[in-house]
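Asks: Sharing a structure with you now.
Values quoted throughout were computed directly from the atomic coordinates according to the rules given, and no laboratory measurement underlies them. The shown structure was predicted, so the numbers you read here are calculated from the model rather than taken from an experiment. FYI the Cβ positions are ideal-geometry reconstructions off the backbone, even for glycines, and counts take in every protein chain you see.
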Amino acid sequence: MDVTSIETAKSLHPKMYDGHIQYGTAGFRTRSEILDHVMFRMGLLAVLRSKSKRAAIGLMITASHNEEPDNGVKLVDPAGEMLEASWEKLATELANVEDAKLVSTLQNIVSTQNIDINAPANVVVGRDTRQSSPRLATAAVDGIKALQGMVNDFAVITTPQLHYLVVCLNTNESYGIATLHGYYQKLSNAFKEIRGSSPSYKNYTPNLVLDGANGVGAIAVREFQKYLGDSIQIELYNDGSGKLNYMCGADFVKVQQTQPMNVPQQQNVRCASIDGDADRVVYYYTDGQNKFHLLDGDRIATLIASYFKELLQESGLDLQLGLVQTAYANGGSTDYISKVLKIPVACVPTGVKHLHHKALDFDIGVYFEANGHGTVTFKESALGTIRSAIANLRLSETARSAASKLLNAIEVINQTVGDALSDVLIVETILHSKGWSLADWEKSYTDLPNKQLKVKVRDRNVISTVDAERKCVTPAGLQERIDTLVATYPRGRSFVRPSGTEDLVRVYAEGQSVSEVQKLATEVSLAVYELAGGIGPIPIVPN
Ligand code: 16G
Ligand code: MG
């Protein structure tokens, strides 16, 4: 290890912040002004991870849907997955040690992880459009170079594009070409292939209003449109000229259940919102009575799963299809999946890594968080089975054509991580093939009214949960209180969990009517406030 080069670079990125910061569900995420030394150190850690895995590692600078002054960083493992949990601990340790202990901490990681320090390292760097991102990218690059890693800087890209690039580089490009051109081309070619020459069909029209959250996704959408040609026309709002994530974007629309700023309110027009780093998407429309209708991640999951189920049936392929959700999934969707679609459904804790991991258990695993983050994973063996079916001339024309459609749909999907733009293309593909408007799609099941609240407490870690976050075990007595409250509401359900991205506790409630849900959410929030050390104003609906 070249200690002099680390010491020199370190002097440019001294630790100026005394508080403790933690690598959470989506990496480090906090106010951008305290992140310089963290970025530098994550550059160093990415090199060690790359050496240890003998593969390219991704480093993405973004705070996703957070407000513009925040920023963050996450590392992406070789197969496009989130950083392995044991390394999250190393990341937290490295980010918090005093400058004087930086080198010894690195040396410790090298020895405990058996890293060959002379192995090559390749770090793929990307960043979002935040003002602080170029400065923080420089800090990360300084870290990578201080440990003699190779920097593959793609500058401003979406988070899912970074995941895609990492996977391409680590699979000798068998997954796709490791350039942005390769990304756009792979997805758009497959999309156009399935769509064929008739973009309109029954109630489906090839026009989409898209809210780009004033983020990096807006840049990618403009680029995408060039590749998509006439197959679909995307009308872009919040295209980057306004304030990032401010009253717009997928998170705003999902939580507020309302139209984002600047998107014209027109009746029965198909709209979608993506988030600040383009890894989430939700759909919505306003009906003839000016009522707002949200089609969130649960809806997208059921749409995709039902489409795949149909294609599997038509092609006669015996592949196991499964769906993965979190506690936030609407009870209406879970009932529909298990009782109507009859597809196995699993529930895991919040955070993409949990969903992704579970999805890999199935031949075809559809996973989505209600907030619109999700994708589909396919086992290599399943792809082989589908390819053989296409080539098997003894199968009927219908079966082979269904298998082909399945393969094309797979090509449209960015399997490496939830990707708002790829998700838009797959949703558009399915709506087109069914000839559906959003109202047609919405008919499949009814969402139960639901409400989310936030409660500020002294220490959110006093709340601990089990059963995929659906039950809390501490503080004592809280779960009993929740159970008693929930029991008084027909179809009532509620759970609480400490946020992984903000210093607060989240409360979720659902039930049969809006007024009941608001009451339940407020009552549960008060119970948290009382039993988990609430501070600040007492939470009540609306949040
Ligand atoms: C992060 C997660 C997202 C999760 C959210 C929950 C990733 C890449 N992102 O954004 O999946 O829904 O955190 O936030 O894992 P919360 O813990 O603050 O509710
Ligand atoms: Mg995001």
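Asks: Can you count the Lys pairs in the range 434-538 whose Cα atoms are under 23 Å apart, with each pair 8 or more apart or on different chains?
Replies: Counting lysine pairs in the range 434-538 gives 9.
Asks: For the chain, build the convex hull from the C-alpha positions and give me its volume per residue in Å³.
Replies: 145
Asks: Taking the range 295-373, which trypsin sites (Lys or Arg not before Pro) meet the DSSP loop condition and have no more than 13 other C-beta atoms within 10 Å?
Replies: Sparse-neighbourhood loop trypsin sites (Lys or Arg not before Pro): LYS342.
Asks: Taking H as built 1.01 Å from N, whose amide H comes closer than 5 Å to the amide H of GLN233, not counting residues under 5 places away?
Replies: Close amide H contacts, sequence-distant or interchain: ASN207, LEU208.
Asks: Do the sum for the chain: with -39,500 (n - 2.57) for every DSSP H run of n ≥ 4, divided by all residues, what is the mean residue ellipticity at 222 nm, to the nearest 500 deg cm²/dmol?
Replies: It lands at -12500 deg cm²/dmol.
Asks: Okay, moving on. Neighbouring Cβ atoms within 10 Å as the yardstick, rank PHE292, PHE252 fewest first.
Replies: Ranked by crowding around the Cβ, least crowded first: PHE292, PHE252.
Asks: Based only on other Cβ atoms within 10 Å, what is the fewest-to-most ordering of HIS357, HIS181?
Replies: On the way: HIS357 17, HIS181 11.
The order, fewest Cβ neighbours first, is HIS181, HIS357.
Asks: Less than 20 Å apart at the alpha-carbon level, and either on another chain or at least 8 residues along: which aspartates and glutamates does that give for LYS202?
Replies: GLU193, ASP230, ASP287, GLU310, GLU428, ASP440, GLU442
Asks: Same structure again: If neighbour count is taken as other Cβ atoms inside 10 Å, put THR30, THR416 in order from fewest to most.
Replies: Ascending Cβ contact count within 10 Å gives the list THR30, THR416.
Asks: As an exercise, identify the trypsin sites (Lys or Arg not before Pro) in the range 153-227 lying in DSSP coil whose Cβ has no more than 12 other Cβ atoms within 10 Å. Numbers along the way, then the final one.
Replies: Numbers: sites: LYS186, LYS192, ARG195, LYS202, ARG222, LYS226; in loops: LYS202.
Those satisfying the criteria are LYS202.
Asks: Same structure, new question: For a quick check of your reading of the filter: which trypsin sites (Lys or Arg not before Pro) in the range 13-103 sit in a DSSP loop and have no more than 15 other Cβ atoms within 10 Å? Please report the intermediate quantities before stating the final value.
Replies: Values: sites: LYS15, ARG29, ARG31, ARG41, ARG49, LYS51, LYS53, ARG54, LYS74, LYS89, LYS101; in loops: LYS15, ARG54.
Answer in residue order: ARG54.
Asks: Rounding to the nearest 20 debye, state how big the charge dipole of the chain is about its Cα centre with +1 on each Lys and Arg Cβ and -1 on each Asp and Glu Cβ.
Replies: For this selection, approximately 460 debye.
Asks: Once the dipole of the range 190-307 is set up with Lys and Arg at +1 and Asp and Glu at -1 on Cβ about the Cα centre, which of GLN256, CYS271, ALA220 lies farthest towards its positive end?
Replies: The residue sitting most towards the positive pole is CYS271.
Asks: Would you mind computing Rg(Cα) / (2.2 N^0.38 Å) for the range 35-119, counting N as its residues? Each step should come with its number before you reach the end.
Replies: Working: Rg = 13.0 Å, N = 85, 2.2 N^0.38 = 11.9 Å.
Dividing the Cα Rg of the range 35-119 by 2.2 N^0.38 Å gives 1.10.
Asks: Restricting the calculation to Cα positions, tell me the Rg (one decimal) and the Dmax (whole number) of the range 1-143 in Å.
Replies: 13.8, 40
Asks: Check the straight Cα-Cα distances from LYS186 and name the lysines below 22 Å, setting aside those fewer than 8 residues away within the same chain.
Replies: LYS226, LYS379, LYS405
Asks: If you split all Cα-Cα distances of the range 189-263 into 5 Å bins from zero, what percentages do you get per bin, shortest first?
Replies: Histogram of Cα-Cα distances, whole percents per bin: 3, 16, 22, 19, 16, 14, 9, 2.
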